[in-house]
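Take a look at the structure below.
The values are calculated or read from the model by the stated rules, or taken from the named source; none is laboratory data. Everything numeric here is computed off the predicted structure, so don't read it as measured data. When we count neighbours, we look across all protein chains shown, and the Cβ atoms used for this are built from the backbone with ideal geometry, even at glycine. Keep in mind that these areas ignore ligands, DNA and RNA; they rest on the heavy atoms of the full protein, side chains included. Shrake-Rupley method; radii C 1.70, N 1.55, O 1.52, S 1.80 Å.
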Amino acid sequence: DEMIKRYGILLLLGSILFNFLDLSAAEKKEVGAAHPFKNGEELTYKITWYGVLAGIGKLKVSDKALYKGKEVYRLASQGVTAGVIGKFYTVDDRLEVLIDPQGLYPYYAFLSQQEGKRRKTTEVFFNQGKNKITYITNNGRPREFTAPTEVLDILSSLYFYRSQKLTEDNPIQMKVFSNKKIFSAQAKILGKERLKT
């Protein structure tokens with residue numbers, strides 16, 4: 001799954017290791033009212049390949065909005081090719097997700113992908129109250145999936161992880177929906193080190 005690989009880079013930057021285990025949604029930790037991010041936050045990552053700039057990744061938290069009468073955070077991510085590689089092969093993938101401001105689980109996600117001449121759009125509707133997900137590709141026929149309570153998507157899982165209290169003996173459990181599949185995921189701290197930046 002290309003989407004998991006792409007955002008896997010961002011997960012590694014956050015020192016996360018995903019282990020696909022069979023874990024219940026009830027094991028997920030509660031999220032406090034205060035989150036370690038705020039409206040307007042924007043993170044930019046340069047992606048290099050053998051020292052050559054290959055792409056740029058951006059993550060952004062926009063102002064709160066309303067979705068079906070509910071207040072939501074608007075998360076956005078973009079991954080684009082850059083430098084010499086961008087001149088030969090164009091990638092411009094954009095993902096926007098509307099999430100609950102307390103639990104950080106998603107209500108809606110829209111993915112636009114341009115990779116070379118290939119273009120694709122995907123809409124995902126998370127009916128959290130009924131444990132259902134509706135998945136639509138290129139405005140086609142909707143497909144429905146059963147989901148666990150407060151399932152996350154690949155982008156909301158990053159922010160959910162950031163909201164957790166991290167200790168080496170306390171792995172963070174998540175259920176993540178991506179590319180028509182639900183993964184049981186565990187984020188584990190492997191160690192600590194001091195970095196000079």
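General remarks:
- Close amide-amide hydrogen proximity is noted between ALA82 and GLY55, ILE56, each under 5 Å apart and 5 or more residues distant or on a separate chain (H modeled in the peptide plane; Pro and chain starts excluded).
- Projected onto planes of every orientation and averaged, the convex hull of the alpha-carbon atoms in the range 48-175 covers 10.4 nm².
- Rounded to the nearest 10 square angstrom, TYR135 shows an accessible area of 20 square angstrom against a 1.4 Å probe.
- Computed on protein heavy atoms with a 1.4 Å probe, the accessible areas place ASP63, ASP169, ASP93, ASP100 in the order ASP169, ASP63, ASP100, ASP93, largest first.
- Kirkwood Rh in Å, taken over all unlike Cα pairs in the range 113-159: 12.1 Å
- Cα centre as origin, Lys/Arg/Asp/Glu Cβ charges: the range 36-132 dipole, Debye: 240 debye
- Ranking of THR122, THR134, THR149 by solvent-accessible surface, largest first: THR149, THR134, THR122 (1.4 Å probe, protein heavy atoms only, all chains present).
- Remark: the range 62-188 carries a charge dipole of roughly 460 debye about the Cα centre, counting +1 on each Lys and Arg Cβ and -1 on each Asp and Glu Cβ.
- Entries in LYS38/LYS196; LYS132/LYS175; LYS68/LYS132; LYS58/LYS87 that, when Cα-Cα distance is taken, lie over 22 Å: LYS38/LYS196
- Computed from the C-alpha gyration tensor, the three semi-axes of the ellipsoid equivalent to the range 146-197 are 25, 12, 9 Å, from longest to shortest.
- On the range 70-112, 56 percent of the accessible area sits on carbon and sulfur atoms, based on a 1.4 Å probe.
- Karplus 3J(HN,Hα) series, Hz, for the range 170-175 with 6.51 cos²θ - 1.76 cosθ + 1.60 (x for Gly, Pro): 9, x, 9, 9, 9, 10
- The Rg/Rh ratio of the range 37-94, with Rg taken over Cα atoms and Rh as the Kirkwood radius over Cα pairs, comes to 1.16.
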